[in-house]
Amino acid sequence: MEKLFYQVVEKLYEMKEIRFANIFVDGTKIEANANKYTFVWKKVIEKNSVKLREKSKDKIISIKEKYSIKEDIEILYQLIII
């Protein structure tokens, strides 16, 4: 996965989509609401997981078309959605 990330960064740099002039540290904070009294329904997780996988596959297709990537989409999909 790490090698794929570096290849994507290099390709974007070659295409002048990114440059290395600035470096930012992501300070994202996500609120959590988890304790022993909260739970998530299994069916909801399964339903949302299917939707997320389909959205991811569509996004991969659009990225592949936009940047003329020739690799098989199934390989890219399997690398991203493990």
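Laboratory data are not the source of any read-out in this text; all were calculated from the coordinates shown. Values in this document were obtained by computation on a predicted structure and should not be read as measured data. All Cβ positions, glycine included, derive from the backbone under ideal geometry; neighbour counts span all protein chains shown.
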R0 = 25 Å: FRET efficiency of residue 22 with residue 55, Cβ-based, nearest 0.05? 0.25
Quick one: what are the phi-derived ³J(HN,Hα) couplings along region 55-64, Karplus 6.51/-1.76/1.60 with θ = phi - 60°, whole Hz, x for glycine and proline? 4, 5, 5, 4, 5, 4, 4, 5, 5, 4
So between residue 41 and residue 11, what do we pick up on full extension, going 0.36 nm a residue minus the alpha carbon distance? 6.7 nm
Please give the FRET efficiency for residue 71 paired with residue 48, using the beta carbon to beta carbon distance and R0 = 35 Å, rounded to the nearest 0.05. 0.80
Using modelled backbone amide H atoms (1.01 Å from N, in-plane), which distant-in-sequence or interchain residues come within less than 5 Å of residue 18's amide H? 13
